[in-house]
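Peer 1: I'd like to ask some things about the structure below.
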Amino acid sequence: MPLTETPGRQYGGLSAADRAAQRRRRLLEAALGIMAEDGWRQITVERLCGEARLNKRYFYESFTDLDSVAATVVEDLADQLIREAVRPFVEQRDLPIDELVRRGLSRLIRYLISDPRRARVLWGGLASTPAINRYRAVAMSALTRSVVQFGLDRPDSGQPDPIFEITAAMLLGGTGETVLQWLDGTIDVSEQQLVEELSAHWLRAGQTHAARLRAQRAD
């Protein structure tokens, strides 16, 4: 039996390319579940394909190895989070900064808690492989750069500096850890309270950074 289907031939109204894309999504969905359950160290191609209910031969039409699957899962989550929570607000300069932060965090938290696996893969203490740790580090760097750009797109934000990047990384990491604790029931507040409290911390950190910049410029 060939490893790929006849190009252009349709089954059930789907082209070969559509079916390959569908199988790829099933593999990624299965990988997300296994990674969130902290089971990636014991993963095999056979198990992943079993979870996705696919023949093993279909794995290699989309991925070269298991590390490439994990990398794709982490990258996709980070890209989706940027699209959901950061980019929609970058151009809304007419909103007060407190409302902008509140809306952005509300979207970020809603994205994470609507599927808790997302937070657990991006921020959870998974006993993952060194390769996954590298992919997560890259993803977190991309998220941090997006948060920095979000702040720098404000008219009064000034030029980028390392302290701002450190602040953004701390806020993002702390937010992810807080969401994980909320999902696990350690933090007993409503979703709205969670958004409000985190927004207050983000705003205080931003105000502290702005004050520091103003002091530097005055010197």
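Peer 1: When you check ASP18 against the structure, is it out of contact with any helix residue (DSSP H, G or I) (no Cβ under 6 Å at 6 or more places or on another chain) and open to solvent by 70 Å² or more (accessible area, probe 1.4 Å), yes or no?
Peer 2: yes
Peer 1: Which pairs do you get when a residue that is closer than 24 Å to ALA20 by Cα, found in the stretch 34-54, comes within reach of a residue that is open to solvent by less than 20 Å² (accessible area, probe 1.4 Å) and among the hydroxyl-bearing types (Ser, Thr, Tyr), reach meaning Cβ atoms under 9 angstrom, with the pair 6+ apart or on two chains?
Peer 2: Going by the 9 Å Cβ cut-off, the qualifying pairs are MET35/SER128; TRP40/SER128.
Peer 1: Being more than 26 Å from the chain's Cα centre (by Cα) and of a type in the set (Asp, Glu) is the filter here, so list the residues in the stretch 41-59 that pass it.
Peer 2: Correct list: GLU46 only.
Peer 1: For ARG214, indicate whether it is modelled with pLDDT of 85 or more, open to solvent by 60 Å² or more (accessible area, probe 1.4 Å) and among the basic types (Lys, Arg).
Peer 2: Judged against the criteria, ARG214 is not a match.
Peer 1: Another question, then. If I filter the stretch 26-61 down to residues being modelled with pLDDT under 90 and in a loop (DSSP other than H, G, I, E, B), which single residue comes out as surrounded by the fewest Cβ atoms within 10 Å (Cβ to Cβ)?
Peer 2: GLU37
Peer 1: Something else: Read through the list (1) crowded, with 16+ Cβ neighbours inside 10 Å; (2) modelled with pLDDT of 80 or more, then give the number of the only condition that ASP98 fails.
Peer 2: Result: ASP98 passes all but (1).
Peer 1: While we're on this one: Given the condition within 24 Å of the chain's Cα centre (by Cα) and either modelled with pLDDT under 95 or more than 20 Å from ARG117 (Cβ to Cβ) (or both), answer yes or no: does some residue in the stretch 13-21 qualify?
Peer 2: The answer is yes; a qualifying residue exists.
Peer 1: Can you confirm whether the stretch 201-208 contains a residue that is modelled with pLDDT of 90 or more and of a type in the set (D, E, K, R)?
Peer 2: The answer is no, given that none of the residues of the stretch 201-208 is modelled with pLDDT of 90 or more and of a type in the set (D, E, K, R).
Peer 1: Inspect all residues belonging to the stretch 66-76 and state whether any of them is touching a residue at least 40 places away in the same chain (Cβ under 8 Å) and exposed (fewer than 14 other Cβ atoms within 10 Å of the Cβ). So that I can check it myself, show each step before the final result.
Peer 2: Going residue by residue through the stretch 66-76, those that are touching a residue at least 40 places away in the same chain (Cβ under 8 Å) are 67, 69-76.
Within this subset, residues satisfying the condition of being exposed (fewer than 14 other Cβ atoms within 10 Å of the Cβ) are none.
No, that holds for no residue.
Peer 1: So which of GLU165, GLU197 ends up being open to solvent by 40 Å² or more (accessible area, probe 1.4 Å), in a helix (DSSP H, G or I) and at pLDDT 90 or above?
Peer 2: Unique residue meeting the criteria: GLU197.
The values are calculated or read from the model by the stated rules, or taken from the named source; none is laboratory data. Values in this document were obtained by computation on a predicted structure and should not be read as measured data. Counting neighbours? That spans all protein chains shown, and the Cβs are built from the backbone with ideal geometry, glycine included. We work out accessible area using only protein heavy atoms, side chains counted, and drop any ligands, DNA or RNA first. Shrake-Rupley method; radii C 1.70, N 1.55, O 1.52, S 1.80 Å.
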